[in-house]
Amino acid sequence: MQVDLSFFPWGSCRSPAALVLSGAGWNTLEQPVLVGVLRHPQRGHYLIDTGTHPRLWQQNWSTRLFLWLARMHIPAGPPPVPILSGIFLSHFHFDHAAGLLDFPDLPVVTSRAGYAWGRQPAGRLSGWCNSLMPADLERRATWVEDLPQRQCGPVSGGDLFGDGSVLTVSLPGHAVGQHGLLCQTERGRVFFVADAAAHSQVLIGNAKQRLPCLIASDRPAERRTRAFLRGLRNWCTMVPSHCPVAYSGWDCPKG
Ligand SMILES: [Zn+2]
């Protein structure tokens with residue numbers, strides 16, 4: 001079974017490239033905040049992360065300071081998407097979760113561990129915003145930790161649809177409970193790796209990641225995850241959430 005995938009930016013930030021990648025110079029690097037739309041032939045459309053939202057400007061001072069420092073561009077509303085069957089949320093950082101409130105009643109596939117962490121005081125200091133979370137998220141959640149495990153080559157993960165077309169894959173280090181999606185598509189294997197890397201050059205080139213490491217929940221685990229992903233560079237196409245080149249060539253979402 002194969003799925004269709006689209007990615008498009010829903011928000012962006014700008015910073016000197018040298019703060020993101022080694023050897024990148026001091027030109028401004030504009031990084032998208034990617035969201036995706038996955039279409040399964042029988043299970044319908046799933047939104048992959050929810051992107052930014054103007055309600056981010058109403059969050060606490062540290063969130064607003066980050067938005068200002070990152071020169072964040074935020075579109076006026078939620079992303080245009082087809083009728084959805086559910087949402088996959090890679091992790092709970094506000095630039096991925098800000099749109100959750102726009103999709104009431106939809107099932108949300110995400111990490112129980114990430115959710116539990118965010119609700120603790122320590123978690124709230126690391127990119128979680130309480131007021132972005134739907135009150136009934138636990139009721140609507142399908143926890144990735146509960147999915148049946150399946151192996152695909154060197155990767156193992158939760159079998160989201162029970163047919164091997166999409167695996168939810170643990171990507172520890174950047175945020176507690178972060179998961180990516182390994183998808184079987186017409187274009188071959190496509191691995192949405194969320195914030196496991198700030199740029200595809202970190203995975204397929206020789207660039208080292210810089211500033212984004214500072215916000216990692218577990219830096220040794222983050223390095224191990226990136227080393228694992230580098231080993232997949234000839235095996236699948238990887239799409240990081242904030243890579244300006246990884247999504248080029250993807251179609252716009254189909255209605
Ligand atoms: Zn993140």
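Tabulated results
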read-out: Check on Val202, in contact (Cβ under 8 Å) with a residue 12 or more places away in the chain, within 23 Å of Val33 (Cα to Cα) and part of a helix (DSSP H, G or I); value: yes
read-out: Leading residue by the ranking (farthest from the ligand (Cβ to nearest atom)) among those in the range 135-153 that are closer than 22 Å to Cys236 by Cα and among the polar types (S, T, N, Q); value: Gln151
read-out: Selection status of Trp26, part of a loop (DSSP other than H, G, I, E, B) and farther than 14 Å from Cys243 by Cα; value: yes
read-out: Gly153 being closer than 17 Å to Leu182 by Cα and in contact with a helix residue (DSSP H, G or I) (Cβ under 8 Å, 6 or more places away or on another chain); value: no
read-out: Selected residue (criterion: farthest from Val108 (Cα to Cα)) from residues of the range 45-81 that are of a type in the set (Lys, Arg) and assigned to a helix (DSSP H, G or I); value: Arg64
read-out: Odd one out for Ser126 among (1) of a type outside the set (Asp, Glu); (2) over 29 Å from Trp57 (Cβ atoms); (3) within 16 Å of the ligand (Cβ to nearest atom); value: (2)
read-out: Complete set of residues in the range 126-136 that are in contact with a helix residue (DSSP H, G or I) (Cβ under 8 Å, 6 or more places away or on another chain) and loosely packed, with under 15 Cβ neighbours inside 10 Å; value: Asn130, Ser131
read-out: Residue check, Gln31 surrounded by 15 or more Cβ atoms within 10 Å (Cβ to Cβ) and under 16 Å from the mean Cα position of the chain (by Cα); value: yes
read-out: Some residue of the range 90-103 being away from the ligand (no atom under 16 Å from the Cβ) and closer than 30 Å to Met1 by Cβ; value: yes
read-out: Residue tally, condition of a type in the set (Gly, Ala, Ser) and within 23 Å of Arg43 (Cβ to Cβ), over the range 115-152; value: 1
read-out: Val81, sole failed condition from (1) under 22 Å from Pro240 (Cβ atoms); (2) under 19 Å from the mean Cα position of the chain (by Cα); (3) within 16 Å of the ligand (Cβ to nearest atom); value: (3)
read-out: Hey, Gly173 within 16 Å of the ligand (Cβ to nearest atom), buried (at least 20 other Cβ atoms within 10 Å of the Cβ), part of a loop (DSSP other than H, G, I, E, B) and touching a residue at least 12 places away in the same chain (Cβ under 8 Å) or not; value: yes
read-out: Test result for Ser248, at pLDDT 85 or above, among the hydroxyl-bearing types (Ser, Thr, Tyr) and assigned to a loop (DSSP other than H, G, I, E, B); value: no
read-out: Search result, residues across the range 216-241 that are under 20 Å from Pro32 (Cα atoms) and buried (at least 23 other Cβ atoms within 10 Å of the Cβ); value: Met238, Val239, Pro240, Ser241
read-out: Residue that is under 20 Å from Trp235 (Cβ atoms), touching a His at 6+ places or on another chain (Cβ under 8 Å) and not aliphatic (A, V, I, L, M), where the choices are Ser156, Ser165, Ser200; value: Ser165
read-out: The range 182-207, subset within 15 Å of the ligand (Cβ to nearest atom) and within 14 Å of the chain's Cα centre (by Cα), residue farthest from Ala97 (Cα to Cα); value: His199
read-out: Subset of the range 121-138 (residues that are farther than 17 Å from His174 by Cα and modelled with pLDDT of 80 or more); value: Asn130, Ser131, Leu132, Met133, Pro134, Ala135, Asp136, Leu137, Glu138
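The values are calculated or read from the model by the stated rules, or taken from the named source; none is laboratory data. The shown structure was predicted, so the numbers you read here are calculated from the model rather than taken from an experiment. Virtual Cβ from ideal backbone geometry, glycine too; neighbours counted across all protein chains shown.
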